[in-house]
Each structure stands twice: as C-alpha cells, then as structure tokens.
Amino acid sequence: MSFTSYEMILLILMVVIFLSAVAQLFSSRLSAAGIILLFACAGFVIMTGMTGELEMISVILFVTGVILMILELFVIGAVLGILGALMVFSSFLLIGEDISMMAVFLAVSLASALLEWIVMVKFFGKSIPLFRNVILTDSTSKEAGYSSHDDRSHLVGQIALTMTPLRPSGIITFEGKRIDAVSEGSFIDKDREVRIILVEGTRVVVRAL
C-alpha cells in the first residue's frame, strides 16, 4: 500500500496524537506532551478540514467519546469507557473515504501507544496520577494494621475452660467469651481446663491440663 505525502503526514499526526495523549496521562499537570497533543490535534483538524475529509459526525463522535471515557473514571463498570473508546476510534475511521487506509493508520497509532504504555509502566515504573484518586491502592496487610478477623494471638499460653466437649472441635470460654477451638488431638470433656497452645487466624488449638 503506497501513501501520498498528505497521507503520510496524516499518519504521523495520528501517531503523535496517541503517543502524546498517553504521555500526558502520566503527568498530573499540563506537560510538554500535552502541548504537543494540542498542536497535533489542531494540525490534524486543519489538514482534514481543508481537504473536506473531516465531517461533523467525526467531530461529534470524538468529543462524545472523550467525555464518556472521562466519566468512566467516576462510574463503576466499564460500559462507558468501552463505548467512549469505540466512538473515538470510529471518529478516525470515518475521516475521508478510504476506511481501510484509516484502519491501518489507527492500528499503527494504537500499537505505538500500547508499546509506549508498556515501556512507561514496566521499565520506568510510571503510574497515572488521576487513577490514584479513584482507585484504592492502600495495602490491607497485617503490617498496615488491617486484619480480616479478630487477632487472637495474645491468647497463646492462656488457660481457658471447655464449654462443650472437644471431639476434637468444640467451644471454650476465656474471660467470659465463647471461642471456637479444637483439641490437640485427643478428646477433652466439658468443664475441663485447657491451655491455648496455638492460634492460626481463626483456628485456636488447645491442650488439656
């Protein structure tokens, strides 16, 4: 497939638009990439507008798609984001009369943007500042003070009383609190004193005294 000078410039502008858009996402404020994005978009609109290839439907689809993708950041689910992306892609495909050529340009631009994204994340450890405000990134580890259950590690070594027989599981009481427990292996009758020897999460193991 051979391209004219105009088509090559169009392809370059599309690639620059996608690359600069991805680069701008990794910045919390307007950066050089954002300025390049604005100039590239302006150049793209001027070129396609002067040749009469830019139709109003493409502009409407592009603007609506961008709005939907922004709204996706604040709405649960991926419907708006997917719909917005499809609108943006369609807006490029509808420019001019040669849809197959624009499909090639779009594929090249998307591949370039995806490669840039991978390099920024994998090799430079970059993250998108905007996502930090809408995505929970706090660690819920034990070191951070979170626990999915009551921490009973302090019970190890304490003396408790069996409330029911342990066969080997049952219920013990400690300081008036009912606790599910299992015996170390042997049967333990009701109303027997036991020592708590192990606590693993919600599992409490006891031994008869």
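None of the figures in this text is laboratory data; all of them are computed from the coordinates on show. Just so you know, these numbers come straight off a predicted model, no measurement behind them. Here the Cβ is made from the backbone with ideal geometry for all residues, glycine too, and neighbour counts use every protein chain on show.
Laid out as a table, the results:
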quantity: From phi via Karplus (6.51, -1.76, 1.60), per-residue ³J(HN,Hα) for the range 159-174 in Hz, x at Gly/Pro; calculated: 9, 10, 10, 6, 8, 9, x, 9, 10, x, 9, x, 10, 10, 10, 9
quantity: Label point at residue 6 placed 7 Å out along Cα→Cβ; residues across the range 51-68 whose backbone nitrogen lies under 12 Å; calculated: 51-54
quantity: Longest exposed-site-free window of the chain, the sites being GluC sites (Glu not before Pro) in a DSSP loop that have at most 15 other C-beta atoms within 10 Å; calculated: 98-174
quantity: Amide H within-cut-off set for residue 204, under 5 Å, with H built and near neighbours excluded; calculated: 182
quantity: Space enclosed by the convex hull of the alpha-carbon atoms of the chain, per residue, Å³; calculated: 201 Å³
quantity: Alpha carbon Rg of the range 1-44, scaled by the compact-globule rule 2.2 N^0.38 Å; calculated: 1.29
quantity: Under DSSP loop assignment and at most 14 Cβ neighbours within 10 Å, longest trypsin sites (Lys or Arg not before Pro)-free interval of the chain; calculated: 30-189
quantity: Added length on full extension, which subtracts the Cα-Cα distance from 0.36 nm per residue, residue 83 to residue 110; calculated: 8.1 nm
